[in-house]
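J.: Sharing a structure below in C-alpha cells format, with a few things to ask.
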Amino acid sequence: MRRPLIAGNWKMHLTIPAARALAAAVGKAAAGVTDRDVLIAPPFTALAAVREAAGSGVLLAGQNVCWEEQGAFTGEIAPTMLKELGCAMAIVGHSERRQLFGETNGLINQRVAGALKFGLIPILCIGETLREREAGTTFTVLEAQLKEGLAGVTLASADQLVVAYEPVWAIGTGKTATAAQAQEVHAFVRQTLGSLFEKNIAGQMRILYGGSVNPANVDELMRQADVDGALVGGAALKAESFERIIHFQ
C-alpha cells in the first residue's frame, strides 16, 4: 500500500505572521492523522517559523533546491540549508519554474540529483501545456520530462522520490483534469518509472496529482488506483479548505 501524501505549495504568499498562523492551523488539522502524510512548502523566509508552528506531525519542504552544498549561486538555496531548517523534501521542476524562469529538463535533473545526494526527497513535477495536450503529445512530453529529469539517477527505494503530475493548463485556472484523465496519466507515469527503475520501486512510488485540487474534487481524485496524493496550490492557503483536503474520504 502506498501511503497518501497531501502537500501544500504556498508559492510566493504569506508574510511570517500569516505563515505562522496557517501552519498552526495545518498542524491542528493534521493532529491524529496516522494513515497519510501532510506536507507544506512555505517561502524560504518562513521555513523556521513554520517548522515551530506546525509541529512534528507536518512535513516541511523547500519550493526549490540547488545541487551544490555551497558556493557562488546567488538566489539559490542549498539542500543542507533546507535540511537544517527541518525540511524532508524539496519541490523540483514545478511548471512555474519551467515556464517563467526557463528551467530545462537538464537543470531540473541537476536539482533532483543534488537533493538526493544530500538526503532530501525531491518532488519532481511534470506536466503538459494546453497546446501539447490538444496536439496529442501529452505522453511524449511527460516521458521526456521523466527520462531527462531522472537521467543518471539511481534509487535504492521508492521513498527516495515523489513525482507530481500537474497539467499546466489546470494550475491556478480553476480547471482540473477529470479523475479518469488523471488516472490515465498516472498509470502511464508509473509504467515509465518502471522502465527507468525496478518495477517494484515504481509500483511503490508515490505519484501526486496537482492542478486546481480543491475540497470538491479531492475525494474522486484520491479514489483512482494510481493517484497517491495531491500537490495543492491555492486551496492550501486557506486553513478550512486544506483541512478538508487533508481529510479526503
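The values are calculated or read from the model by the stated rules, or taken from the named source; none is laboratory data. On a predicted model such as this, the values are computed, not experimentally measured, just so you know. Here Cβ is always computed from backbone atoms with ideal geometry, including for glycine, and neighbour counts include all displayed protein chains.
J.: If you scan the range 117-130, which residues turn out to be touching a residue at least 60 places away in the same chain (Cβ under 8 Å) and not in a loop (DSSP other than H, G, I, E, B)?
T.: Initially, the range 117-130 is screened for residues touching a residue at least 60 places away in the same chain (Cβ under 8 Å), giving 123, 125-127.
The answer is I123, C125, I126.
J.: Next up: When you scan the range 135-158, do you find a residue that is crowded, with 16+ Cβ neighbours inside 10 Å, of a type outside the set (A, V, I, L, M, F, W, C) and in contact with a Cys (Cβ under 7 Å, 6 or more places away or on another chain), even just one?
T.: No, every residue in the range 135-158 fails to be crowded, with 16+ Cβ neighbours inside 10 Å, of a type outside the set (A, V, I, L, M, F, W, C) and in contact with a Cys (Cβ under 7 Å, 6 or more places away or on another chain).
J.: What number of residues within the range 63-83 are under 18 Å from F101 (Cβ atoms), under 17 Å from the mean Cα position of the chain (by Cα) and of a type in the set (A, V, I, L, M)?
T.: Going through the range 63-83 one residue at a time, the tally reaches 1.
J.: If a residue has to be of a type in the set (S, T, N, Q) and surrounded by fewer than 20 Cβ atoms within 10 Å (Cβ to Cβ) to count, how many in the range 89-109 make the cut? Steps first, answer last, please.
T.: Of all residues in the range 89-109, those of a type in the set (S, T, N, Q) come to 95, 99, 104-105, 109.
Filter once more, so that each one left must be surrounded by fewer than 20 Cβ atoms within 10 Å (Cβ to Cβ): 99, 104-105.
Summing the residues that are of a type in the set (S, T, N, Q) and surrounded by fewer than 20 Cβ atoms within 10 Å (Cβ to Cβ) in the range 89-109 gives 3.
J.: Please find, among A236, A180, A230, A225, the residue that is in contact with a Gly (Cβ under 7 Å, 6 or more places away or on another chain), among the hydrophobic types (A, V, I, L, M, F, W, C) and either farther than 29 Å from A19 by Cα or assigned to a helix (DSSP H, G or I) (or both).
T.: A236
J.: Please pick out the residue among E84, E76, E96 that is under 17 Å from L231 (Cβ atoms) and of a type in the set (D, E).
T.: E96
Each row is one residue, and each column tells you yes or no for (1) surrounded by fewer than 17 Cβ atoms within 10 Å (Cβ to Cβ); (2) touching a residue at least 24 places away in the same chain (Cβ under 8 Å); (3) basic (K, R); (4) in a loop (DSSP other than H, G, I, E, B).
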| site | (1), (2), (3), (4) |
| --- | --- |
| M1 | yes, no, no, yes |
| A7 | no, yes, no, no |
| L22 | no, yes, no, no |
| T34 | yes, no, no, yes |
| V50 | no, yes, no, no |
| A72 | yes, no, no, yes |
| C87 | no, yes, no, yes |
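J.: Give me a count of the residues in the range 36-48 that are small (G, A, S), part of a helix (DSSP H, G or I) and either within 20 Å of L124 (Cα to Cα) or more than 19 Å from the chain's Cα centre (by Cα) (or both).
T.: Residues meeting the conditions: 1.
J.: If the Cβ limit is 7 Å and pairs must be 6+ apart or interchain, which residue in the range 91-116 that is among the aliphatic types (A, V, I, L, M) pairs with which residue that is part of a helix (DSSP H, G or I) and surrounded by fewer than 19 Cβ atoms within 10 Å (Cβ to Cβ)?
T.: Qualifying pairs under 7 Å: L116/Q160.
J.: Restricting attention to the range 234-241, does a residue exist that is under 21 Å from V92 (Cβ atoms), surrounded by 21 or more Cβ atoms within 10 Å (Cβ to Cβ), in contact with a helix residue (DSSP H, G or I) (Cβ under 7 Å, 6 or more places away or on another chain) and not polar (S, T, N, Q)?
T.: Yes, the range 234-241 contains at least one residue that is under 21 Å from V92 (Cβ atoms), surrounded by 21 or more Cβ atoms within 10 Å (Cβ to Cβ), in contact with a helix residue (DSSP H, G or I) (Cβ under 7 Å, 6 or more places away or on another chain) and not polar (S, T, N, Q).
J.: Still on this structure, I have one more. Can you tell me which of A230, A158, A179 is within 27 Å of K11 (Cα to Cα), of a type in the set (G, A, S), touching a helix residue (DSSP H, G or I) at 6+ places or on another chain (Cβ under 9 Å) and at pLDDT below 95?
T.: Values: A230 fails: at pLDDT below 95; A158 fails: at pLDDT below 95.
Unique residue meeting the criteria: A179.
J.: Cβ-Cβ below 7 Å, separation at least six or inter-chain, first residue in the range 140-157 and farther than 24 Å from G119 by Cβ, second assigned to a loop (DSSP other than H, G, I, E, B) and not hydroxyl-bearing (S, T, Y): which pairs?
T.: These pairs meet every condition: V141/E128; L142/E128.
J.: Does I171 satisfy the criteria of being under 14 Å from the mean Cα position of the chain (by Cα) and either at pLDDT below 95 or over 22 Å from G8 (Cβ atoms) (or both)?
T.: When the stated conditions are applied, I171 passes them.
J.: Considering A187, A164, A179, A202, which residue is under 22 Å from A230 (Cβ atoms), buried (at least 18 other Cβ atoms within 10 Å of the Cβ), of a type in the set (G, A, S) and without any contact (Cβ under 8 Å) to a residue 60 or more places away in the chain? Steps first, please.
T.: Values: A187 fails: buried (at least 18 other Cβ atoms within 10 Å of the Cβ); A164 fails: without any contact (Cβ under 8 Å) to a residue 60 or more places away in the chain; A179 fails: buried (at least 18 other Cβ atoms within 10 Å of the Cβ).
Among A187, A164, A179, A202, only A202 is under 22 Å from A230 (Cβ atoms), buried (at least 18 other Cβ atoms within 10 Å of the Cβ), of a type in the set (G, A, S) and without any contact (Cβ under 8 Å) to a residue 60 or more places away in the chain.
J.: Next question, about the same structure. Kindly indicate whether L60 is closer than 28 Å to A158 by Cβ, in a helix (DSSP H, G or I) and within 17 Å of the chain's Cα centre (by Cα).
T.: Criteria not met by L60.
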